[in-house]
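Chemist: Starting off with a structure, shown below.
The values are calculated or read from the model by the stated rules, or taken from the named source; none is laboratory data. Remember, predicted model here, so these are calculated numbers, not experimental data. Cβ coordinates were reconstructed from backbone atoms using ideal geometry, including for glycine residues, and neighbour counts include every protein chain displayed. The accessibility values were calculated without ligands, DNA or RNA, using every heavy atom of the protein model including side chains. Shrake-Rupley method; radii C 1.70, N 1.55, O 1.52, S 1.80 Å.
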Amino acid sequence: MTGGTAEAAATTRRVFFGAYTTWSGGAQGIGIGTYDTASGQLRQTGVIKGVVNPSFVIESRDGRFLYAVNETSNGEVTAIDATSLKVVNKVATGGADPCHLTLDPSGRYLITADYSSGTLSVFPLRSDGGIGARSQLVRHTGSGPDPDRQQGPHAHQVLFDPAGRYALAVDLGADAVFTYSLAAGKLTRVATAKLKPGAGPRHLAFHPNGKVAYVANELDSTIVSCGYADGRLTPGQVLQTAPAGGARNYPAEVLVSGDGRFVYLSNRGHDSVAQFAVSGAELSLVGTTPVGGRYPRHIITDPSGRFLFAANQNSNTVTSFAVDGATGKLTPSGTALQTPIPVCVLPARLG
C-alpha cells in the first residue's frame, strides 16, 4: 500500500525541446518528453518529425497548439496540434532565419523575429489554430561596431510587456530595443531604446511589476537593468554576467523568478547560470552555478517555479536544477537528458 501511494504521488508533466535539424548530428524535429514534478528528472519520449530547425517553440494560451520557428534562410513558422502532435500548417515569414516568436495577449496574432533579415513578421491565427497569411513585415534599420555580428539589424526576440500593451523587439545588430503597438494585425513603432554600441542585446525579461526589465547583452557579456513605462525602456545599471578572464562569454537567455526576487541568465562560454538578487531597480550578482553542459542557450523555469531547465547546445544535453524558493539557489537535480542539439525547452502549461 505504501508503494502504491508513492507511485500515485509521482506525477509527470509534458515538455518539448526545440533543436536544430539541419546541423550535423541534428534532431529529427521537436523533441517530446516528460519531467518528474518531484525530482525534475527529464526523459525524452518521442519527436514531432519533419519540423525543420525548430529553434524556438511556444504554446497557445490554452495549451492546445504549439508554434515553432523554422530557422532557415527562407524562414517559415509552423503550427502544431498539441494533442495529436500533427502539423496544422506552416507559412513563410518573408524574413531570414526566424529565431523567436510570441503571441499577442488576445491570442489572435503571432509575431516572429527574423534574425538574419532584421525583420518582424505578423500573422493572424485561424480558428483551427493554423497560421493565416502574413499581415505585415517590419524591417529594422541600424548597425553596430562589431564587424562580424552587427553589419545590419538582427531581430533576436519579440515579446509583449506584462500589461500586454506593447511589443518589444530586441535587436542584436542595431544595439537597440524597438517598441511597437499592435492594432488590427499591424505594428506601429512607438519608441526606441539604444544600448551601448557593441553590446549586442539579445533577450529581455520583465520584472512582474512591469516597471523594470532586464536585457541580456550577448556581445559584451553584460546585463542591463532598465526602467520601463508607457512602452519606453530607460537603460540603467550595467553588470558583468561572468568573471573576467577565461573563455569569451556570450549571454543568451534571461529570466525572472515568479516572485520577482531573482534574475537568472545563461552564460555560453563560462557555461554557467548566473543568479542575481533584485533590489528595487538594481541587481547584485549572487553567484554562478555550473550548468553541467556546454553552451547553455535557453533556460526556463517550470510553471511551479521549482525547477529550472537548461538547453546545452554544444553538449547535446538538457540539465535540471531544483530552485530554492528562499534563496533562489540552484542545485543540480536528476541526471542530464541526452538529446540532439537542444536550444529551447518548453514545459507544457497543462501537463
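Chemist: Return the residue satisfying two criteria in turn: it lies in the range 308-351 and is under 14 Å from V263 (Cα atoms) and in a strand (DSSP E or B), and of such residues it is most open to solvent (accessible area, probe 1.4 Å). If you could, list the steps in order and put the result at the bottom.
Modeler: Within the range 308-351, the subset under 14 Å from V263 (Cα atoms) is 308, 323-330.
Among the residues that remain, those that are also in a strand (DSSP E or B) are: 308, 323, 330.
Values: L308: 0, V323: 32, L330: 8 Å².
Filtering the range 308-351 for residues that are under 14 Å from V263 (Cα atoms) and in a strand (DSSP E or B), the one most open to solvent (accessible area, probe 1.4 Å) comes out as V323.
Chemist: Which of (1) within 27 Å of F65 (Cα to Cα); (2) open to solvent by 10 Å² or more (accessible area, probe 1.4 Å); (3) hydroxyl-bearing (S, T, Y); (4) in a strand (DSSP E or B) does S304 not meet, given it meets every other one?
Modeler: In the conditions (1) within 27 Å of F65 (Cα to Cα); (2) open to solvent by 10 Å² or more (accessible area, probe 1.4 Å); (3) hydroxyl-bearing (S, T, Y); (4) in a strand (DSSP E or B), S304 misses (4) alone.
Chemist: Moving to a separate point now. Scan the range 237-286 residue by residue and report those that are small (G, A, S), more than 17 Å from the chain's Cα centre (by Cα) and open to solvent by 40 Å² or more (accessible area, probe 1.4 Å). Show your work before the answer.
Modeler: From the range 237-286, those small (G, A, S) are 242, 244-247, 252, 257-258, 260, 266, 269, 272, 274, 277, 279-281, 284; that's our starting set.
Imposing the further condition that a residue be more than 17 Å from the chain's Cα centre (by Cα) reduces the set to 242, 244-247, 260, 269, 277, 279-281, 284.
Hits for the range 237-286 are A244, G245, G246, A247, S279, G280, A281, S284.
Chemist: If you don't mind, there's one more thing I want to ask. Being at pLDDT 95 or above and within 17 Å of H298 (Cα to Cα): is that true of I32 here?
Modeler: Judged against the criteria, I32 is a match.
Chemist: What number of residues in the range 95-130 are closer than 15 Å to A155 by Cα, out of contact with any Phe, Trp or Tyr (no Cβ under 8 Å at 6 or more places or on another chain) and surrounded by fewer than 20 Cβ atoms within 10 Å (Cβ to Cβ)?
Modeler: 1
Chemist: Taking the stated definitions as given, is Y67 over 24 Å from H154 (Cβ atoms), in a strand (DSSP E or B) and hydroxyl-bearing (S, T, Y)? Steps first, answer last, please.
Modeler: Values: over 24 Å from H154 (Cβ atoms): no; in a strand (DSSP E or B): yes; hydroxyl-bearing (S, T, Y): yes.
Taking the combined requirement at face value, the residue does not satisfy it.
Chemist: Out of curiosity, is G26 in contact with a Phe, Trp or Tyr (Cβ under 7 Å, 6 or more places away or on another chain), in a loop (DSSP other than H, G, I, E, B) and surrounded by 14 or more Cβ atoms within 10 Å (Cβ to Cβ)?
Modeler: Here the answer is yes, as G26 does meet what is asked.
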